[in-house]
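S.K.: Attaching a single structure in structure tokens format; questions to follow.
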Amino acid sequence: MTKGEKAGAMLSEDVVLEEAARWGIEPLSFVLRRLDVEEPGIAIAADRYLYPASMLKTPLALAVLERVAQGGARFEDRLDVTPANMTPNDLDSPLVPGYRASIDELLDLMITRSDNVATNMFYDLLGRTQASALMCARFGLHATQFHRKLSGALPLIEDAQWDGVHRNMHSASDAAHVFEAIARTRVPFAWKIHRLLMEQRWNNKLPGGLAPGDTFAHKTGDTDEVTHDGGILYTASGAAYVIVVYTGMESTEANNGKFVPFMRALRQHL
């Protein structure tokens with residue numbers, strides 16, 4: 001048994017809860033699962049409903065990749081950017097009305113930059129009911145549903161196809177399942193989505209608590225009611241984990257900063 005394996009066995013639900021309380025991370029929905037060896041995982045309120053925000057973009061990308069794998073679309077296909085899908089983004093976007101973006105470009109923007117316009121365009125391409133059904137039937141995601149297009153600011157984007165009731169769903173448990181499926185190449189074009197997760201532009205949460213030599217293929221989610229981070233962690237010693245941290249805290253600089261000491265404390269046990 002390696003040093004890393006011995007340390008990993010020391011991490012327990014009690015330690016996670018203690019560190020979450022220490023750094024003021026609550027409410028918490030948490031999953032940690034080791035991938036390279038058989039070890040008991042940790043799941044804390046993993047099915048608690050918290051709005052997924054941009055964490056939903058990873059399963060949406062899987063739905064797009066499945067469409068391409070089945071021959072229903074090609075990466076080079078171009079889609080028109082329309083005024084109906086426009087909404088603010090945290091980073092400047094090339095997606096403006098009149099621009100024609102390839103599916104490949106939209107995937108990149110949606111994952112690496114968390115572009116909301118690209119996300120909304122995929123809602124139109126796939127159909128939200130069809131994409132939700134696919135997530136359940138093909139990938140076993142029972143708490144993942146696409147209901148409303150994303151808005152980068154208030155007022156919310158007008159969405160004529162929204163039923164006015166249901167909110168988007170993607171639990172921490174389902175997110176962990178998605179990241180594990182990607183890591184184990186159990187999804188179409190796993191290499192592509194993995195590369196995009198590795199190129200994530202938003203690295204102010206869990207990555208700040210990692211050790212030198214670690215790498216993290218991940219996705220974040222942020223709104224005025226939640227802040228999340230999760231993905232596939234590869235440690236410098238060769239271990240591999242899926243870790244997902246959902247919180248019911250507003251995404252602010254102070255709250256996002258809490259992820260750093262929390263991850264640093266957990267990392268000592270991995």
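S.K.: Please list, or write none, the aspartates and glutamates whose alpha carbon is within less than 16 Å of the alpha carbon of K219, excluding same-chain residues fewer than 8 places away.
M.R.: In chain and number order, the partners are D90, D108, D115, D174, E180, E199, D229.
S.K.: Here's a follow-up. Net charge near I103, counting Lys/Arg +1 and Asp/Glu -1 over other residues with Cβ under 15 Å of its Cβ?
M.R.: Once positives and negatives cancel, what remains is -3.
S.K.: Averaging sequence separations of C-alpha pairs under 8 Å and six or more residues apart, then dividing by the length of the range 163-270, give the relative contact order as a whole percent.
M.R.: 26
S.K.: Taking every eigenvalue of the Cα gyration tensor of the range 133-270, multiplying by 5 and rooting it, what semi-axes result, largest first, whole Å?
M.R.: 27, 21, 12
S.K.: Note down the net charge around R148, summing +1 for each Lys or Arg and -1 for each Asp or Glu among other residues with Cβ under 10 Å from its Cβ.
M.R.: With Lys, Arg at +1 and Asp, Glu at -1, the neighbours total +1.
S.K.: Work out how much length F75 to T129 would gain on full extension: take 0.36 nm times their residue separation and subtract the Cα-Cα distance, in nm to one decimal.
M.R.: Stretched out fully, the F75 to T129 stretch lengthens by 17.2 nm.
S.K.: Calculate, in nm to one decimal, what T82 and E199 gain on full extension: separation in residues at 0.36 nm each, minus their alpha carbon distance.
M.R.: Full extension of this stretch gives 39.4 nm more.
S.K.: Please compute the alpha carbon radius of gyration of the range 1-99, then divide it by the globular-protein estimate 2.2 N^0.38 Å. Two decimals is fine.
M.R.: Compactness ratio reported: 1.63.
S.K.: Further question: Counting only protein heavy atoms and a 1.4 Å probe, tell me what percentage of the range 149-218's accessible area is made up of carbon and sulfur.
M.R.: Summing carbon and sulfur atoms, their accessible area is 56 percent of the total for the range 149-218.
S.K.: Something else now. Could you work out the relative contact order of the chain, using alpha carbon pairs under 8 angstrom and six or more residues apart, expressed as a whole percent?
M.R.: Relative contact order here is 27 percent.
S.K.: Treating only the Cβ atoms of Lys and Arg (+1) and Asp and Glu (-1) as charged, compute the dipole magnitude of the range 53-210 about its Cα centre; round to the nearest 20 debye.
M.R.: 400
S.K.: What percent do you get for the relative contact order of the range 112-153 when only Cα pairs under 8 Å and 6+ apart count?
M.R.: With pairs under 8 Å counted, the relative contact order is 46 percent.
The values are calculated or read from the model by the stated rules, or taken from the named source; none is laboratory data. What you see is a predicted model; the values in this text were computed from it and never measured. So basically every Cβ, Gly included, is an ideal-geometry build from the backbone, and we count neighbours across all protein chains shown. Heads up: the accessible areas ignore ligands, DNA and RNA and are worked out on the full protein's heavy atoms, side chains in. Shrake-Rupley method; radii C 1.70, N 1.55, O 1.52, S 1.80 Å.
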